[in-house]
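The values are calculated or read from the model by the stated rules, or taken from the named source; none is laboratory data. None of the values given here were measured: they were computed from a predicted structure. Positions of Cβ are backbone-derived with ideal geometry, glycine not excepted, and every protein chain shown enters the neighbour counts. Note: accessible area is taken over every heavy atom of the protein model, side chains too, but ligands, DNA and RNA are not part of it. Shrake-Rupley method; radii C 1.70, N 1.55, O 1.52, S 1.80 Å.
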Amino acid sequence: MVRRDPRHSSATVRDDAGRASTWWVLLLVLVLAAGAATWRLDLADPARERVESLYERVLGDDEEPDPRTDPAAVPPPPGLSLPALVDPDPVADPVDAEGAGEPSPTAVRRALERRLGEQRLGRRVSVAVAGATGAPAYAEGGALVPASTTKLLTSVAALDTIEPGTTFATTTVLRGNRLVVVGGGDPFLMREPDAPGTTSVPARADITTLARLSAEELGERGVRRVRVGYDDTLFSGPAFNPRWPDTYRGDVVAPITALWVDQGRPETGFGRVDDPAAVAAQVFAAALAEAGVRVQGSPSPARGRGDEVAVVESAPVDDVVDRLLQVSDNEATEVLLRHVGLATGGAGSFVDGVRGVERTLERLGVPAPRRLYDGSGLSRENLVSPATLVGLLQAVVGADEDDPVRAVLGGLPVAGFSGSLTFRFDDAPPAAVGAVRAKTGTLSGVSSLAGTVVTRDGVPMVFALMLDRVGAADEGFAQAALDSAAAALGACRCARGGSGAGGG
């Protein structure tokens, strides 16, 4: 028998503010009315138990309706009057190519030129804006350092080449008295389960649960003592990308391995460990001993051959993509790049992953990057043109509704509402806030923004705005300028034949 963690066998929780359900809105209103605290986007509300207790005090233990199953029918607490519920307008609907109007090149240029003409933005400014299909309505400049907008390329390649719904399993196998932890490239494998009352988004496996399941199965088999090994050979090549600055070691990004916990972070949460697989094995061995199995010696590298004992699985690949786009997760993206390499016939190295991305872009008819060395955009040697990013977004927008790559559109942060754009666009025109979905990109001296927007007169567009020669003193100004430019597109009346830019 193989022990499996049952927690991830059903649909996983998604972190998408645009899909928040009506009952959550009701719960938040009641929490505020009761003077409760705040909630986090990446965790289930830790105040939920207090909220449910409030409902019980209001309704009584045996009264109906149940707020968890029929929230709209629940009356407000005595003395509190609430307006009638109405369905909210959607926040930044994903762009749809079908029936899309065409943007006016003149209107687009007018919307952008004032925002992107400042000398403080540096000598290298590249822009491309296009409708949902067709040639760019406005384009200027060439390939620049893309920073984290590179994650769009990796995300599309992962969704296109890895079977939809695929999860990444971390397993244990037994051969003789050696129990080996086999890394399957789970980008979010945790050290321990979520704390009571919280749920990570997406739902995540953990190595402590793997140890517990393994101990249970070993007990059933009459195995009382083992030596622990670990196998992280799913990926190949260097764990640290040679195109990354050496200063990234130990702080900015972990070595990319097929087995780790907490993305290679130590238990304190600060910095990165030198050997993530070895640390994960040590955590597993300690948890296995805690579960009653005698562990002999220290964990050591071993081949993952033998009878499978237990398994825990990651969230599906589309949930992984959704999360990495929302928060610009470098480590998760680099793990996915390795999976792209494996899915396209390579051996799971950085080089294989990049080759898989380039093949995907070629198949989709997207212009190739000038230079590409990683999946996250941490390398300052990457060079990508705005035409590549715009072409990629057009390919996603134009994909069939059931095409897995469409998940990229839902994963893009919404201006002023979610992910890495939650606290940006704070002074944008009201018509633009919520109308822009975009992936950010930031390195020292580099700022980029690429995504989708629907203009005030209903024209869907895709855009890429890129800078890579910004002075240190002007980096905040540059980021605000890109936000302003994207917002101007959302506030623009940019339909071909319309009245031109305005509201920006």
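Structural remarks
- Qualifying residue in the stretch 243-253 (condition: touching a residue at least 60 places away in the same chain (Cβ under 8 Å), open to solvent by 60 Å² or more (accessible area, probe 1.4 Å), under 29 Å from Leu372 (Cα atoms) and more than 22 Å from the chain's Cα centre (by Cα)): yes
- Any hit, the stretch 457-470, residues being touching a Leu at 6+ places or on another chain (Cβ under 7 Å) and of a type in the set (Phe, Trp, Tyr): yes
- Any hit, the stretch 165-172, residues being touching a helix residue (DSSP H, G or I) at 6+ places or on another chain (Cβ under 7 Å), open to solvent by 10 Å² or more (accessible area, probe 1.4 Å) and either among the acidic types (Asp, Glu) or closer than 30 Å to Thr106 by Cβ (or both): no
- Conditions (1) small (Gly, Ala, Ser); (2) open to solvent by less than 40 Å² (accessible area, probe 1.4 Å); (3) at positive phi; number of the one not met by Ala315: (3)
- Flag if Thr106 is in a loop (DSSP other than H, G, I, E, B), at pLDDT 80 or above, of a type outside the set (Asp, Glu) and open to solvent by 50 Å² or more (accessible area, probe 1.4 Å): no
- Within the stretch 147-180, the set of residues being among the charged types (D, E, K, R) and touching a Ser or Thr at 6+ places or on another chain (Cβ under 6 Å) comprises Lys151, Asp160.
- Test result for Leu112, over 30 Å from Ala280 (Cβ atoms) and either surrounded by fewer than 23 Cβ atoms within 10 Å (Cβ to Cβ) or in contact (Cβ under 8 Å) with a residue 60 or more places away in the chain (or both): yes
- Top-ranked residue of the stretch 192-223 - restricted to ones that are within 27 Å of the chain's Cα centre (by Cα) and small (Gly, Ala, Ser), ranked as surrounded by the fewest Cβ atoms within 10 Å (Cβ to Cβ): Ala195
- Residue check for Arg363: within 17 Å of Asp322 (Cβ to Cβ), open to solvent by 10 Å² or more (accessible area, probe 1.4 Å) and in a helix (DSSP H, G or I): no
- Val453 vs. criteria in a strand (DSSP E or B) and either open to solvent by 20 Å² or more (accessible area, probe 1.4 Å) or at pLDDT 95 or above (or both): yes
- In the set (1) in a loop (DSSP other than H, G, I, E, B); (2) open to solvent by less than 50 Å² (accessible area, probe 1.4 Å), Leu393 fails one condition alone, (1).
- Test: residue in the stretch 195-208 that is over 24 Å from Val321 (Cβ atoms) and part of a helix (DSSP H, G or I): yes
- Glu140, sole failed condition from (1) in contact with a Ser or Thr (Cβ under 8 Å, 6 or more places away or on another chain); (2) over 27 Å from Thr442 (Cβ atoms): (2)
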